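Take a look at the structure below.
The values are calculated or read from the model by the stated rules, or taken from the named source; none is laboratory data. Owing to the predicted nature of the structure, the values given are computational and were not obtained by experimental measurement. Methodologically, a virtual Cβ is constructed for each residue, glycine included, from the backbone with ideal geometry; neighbour enumeration extends over all protein chains shown. Note: areas computed on protein heavy atoms with side chains; ligands, DNA, RNA excluded. Shrake-Rupley method; radii C 1.70, N 1.55, O 1.52, S 1.80 Å.
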Amino acid sequence: PPHKEKGGQGMKRVMLWLLLLLPVCTINAQTDQRIIDSLQQVAYSLPHDTTRLFLLKNITISEQYSTNFIKRAEELLQEAKMQNQHSYMCDAAYYHALYYYNYTEEHDSIAKWVSYIQPIAEKIEYWSCYYNAQKLLINSFIYNEDYEFALNEAEKMQQKAKETSNISGLVSSYLCMANAFSETNRIKRMQESILEAYKYMPQIKPIDLKMDIYEQLIEHYADLGEYDLLHKYLDEYLETLTSSIQGSITLENAYPSHFFYINVYYIKYYVGIGDLESARKQIEKTQAEFNENIFKPYGILLHEACARYQLALRNYQTAINHTDSALNIEQEYGVSYRIRIELVRLKADILTEKGQYNNSLSNYEKSKQ
């Protein structure tokens with residue numbers, strides 16, 4: 001989905017869509033549409049009970065990549081209301097908010113559905129949904145550049161999480177703070193926040209929070225060029241994700257974009273430590289995996305990694321071509337101002353090494369502007 005996000009963590013944040021899903025669905029996100037249609041017919045042939053709701057919820061999740069997502073979310077909501085099933089009402093409202101976050105960027109609509117969730121979730125103590133919704137809302141504030149307000153809301157969420165003894169809510173508050181600090185270039189405070197979240201890793205149950213923490217750590221240490229730590233968190237992330245899907249046929253192909261993300265950062269790791277042969281093999285492997293199931297803006301990450309690899313080989317024009325391809329994808333999806341700046345600066349660095357100083361100067365000036 002063409003989610004737009006500004007800032008250093010933007011490329012990771014585009015995957016919020018997948019990370020914040022509530023209970024893991026039993027239908028692969030890439031399920032064939034014919035199967036989804038058949039399941040829908042089955043759902044509407046069932047009596048109005050929780051089995052019907054459960055199936056409708058899974059159909060809704062499985063349609064997250066399609067234009068039917070909001071329609072399915074509304075169908076789930078109406079059924080949940082009719083049965084007076086509060087947890088499913090919260091789920092359906094959350095999917096509404098998620099739709100507006102990813103597809104329309106309508107902050108008022110996001111806030112509306114989060115406000116709908118909060119009193120119901122509080123009453124039934126459905127804290128996973130409550131804090132996921134709050135996290136979504138705070139990230140929308142960050143997207144709108146209301147950074148200090150977002151930090152204030154994150155502090156409130158942190159206090160409530162402590163009062164409710166909810167680890168997931170506490171960790172989510174640190175993640176939101178890390179995002180806001182990253183967007184405003186407060187790197188030290190960003191690192192403190194994300195490491196504070198990481199301390200709770202042994203107590204965290206939802207895979208989405210673990211993935212979120214690892215991806216922020218990976219991006220942070222890749223940006224700093226601290227490759228030992230980058231490798232450490234890449235290995236941990238890969239092991240965590242792999243172990244989470246073992247023994248589950250329905251989950252084996254549920255996270256292709258996340259595995260792709262890990263593979264791209266292994267390319268950056270190998271280039272960073274100068275192991276160009278391993279980088280070449282990793283590029284071949286990763287390029288082969290870039291198909292219709294991969295979140296399209298992640299092509300930016302792949303082209304950037306390839307550009308750095310070609311720069312290390314002094315294949316300057318090929319490196320520039322990859323940078324231009326990355327910029328074209330960023331322009332199409334409007335992912336991140338900072339990513340755009342970094343890509344323009346990378347292109348300027350390549351032009352400088354190539355000896356095209358006038359062109360490199362114009363790109364440096366463009367990035368600064």
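Here the range 114-150 is the region considered, the condition is being in contact with a Cys (Cβ under 7 Å, 6 or more places away or on another chain) and either among the charged types (D, E, K, R) or more than 28 Å from Arg186 (Cβ to Cβ) (or both), and the residue that is surrounded by the fewest Cβ atoms within 10 Å (Cβ to Cβ) is Ile120.
Output yes when any residue across the range 309-322 is buried (at least 18 other Cβ atoms within 10 Å of the Cβ), touching a residue at least 40 places away in the same chain (Cβ under 8 Å) and part of a helix (DSSP H, G or I), and no when none is. So far as the range 309-322 goes, yes, one or more of its residues are buried (at least 18 other Cβ atoms within 10 Å of the Cβ), touching a residue at least 40 places away in the same chain (Cβ under 8 Å) and part of a helix (DSSP H, G or I).
Could you go through the range 74-90 and let me know if any residue there is surrounded by 15 or more Cβ atoms within 10 Å (Cβ to Cβ), modelled with pLDDT of 70 or more, closer than 28 Å to Ser244 by Cα and hydroxyl-bearing (Ser, Thr, Tyr). Yes: the range 74-90 contains one or more residues that are surrounded by 15 or more Cβ atoms within 10 Å (Cβ to Cβ), modelled with pLDDT of 70 or more, closer than 28 Å to Ser244 by Cα and hydroxyl-bearing (Ser, Thr, Tyr). Tell me, please, whether a residue that is under 20 Å from the mean Cα position of the chain (by Cα), at negative phi and either in contact (Cβ under 8 Å) with a residue 12 or more places away in the chain or open to solvent by 80 Å² or more (accessible area, probe 1.4 Å) (or both) can be found in the range 349-367. The answer is no; no qualifying residue exists. Residues that are surrounded by fewer than 23 Cβ atoms within 10 Å (Cβ to Cβ) and in a helix (DSSP H, G or I) within the range 97-113 comprise Tyr100, Asn102, Tyr103, Thr104, His107, Asp108, Ser109, Ala111, Lys112, listed in sequence order. Scanning the range 334-369 for residues that are among the aliphatic types (A, V, I, L, M) and assigned to a helix (DSSP H, G or I) turns up Ile339, Ile341, Leu343, Val344, Leu346, Ala348, Ile350, Leu351, Leu361.
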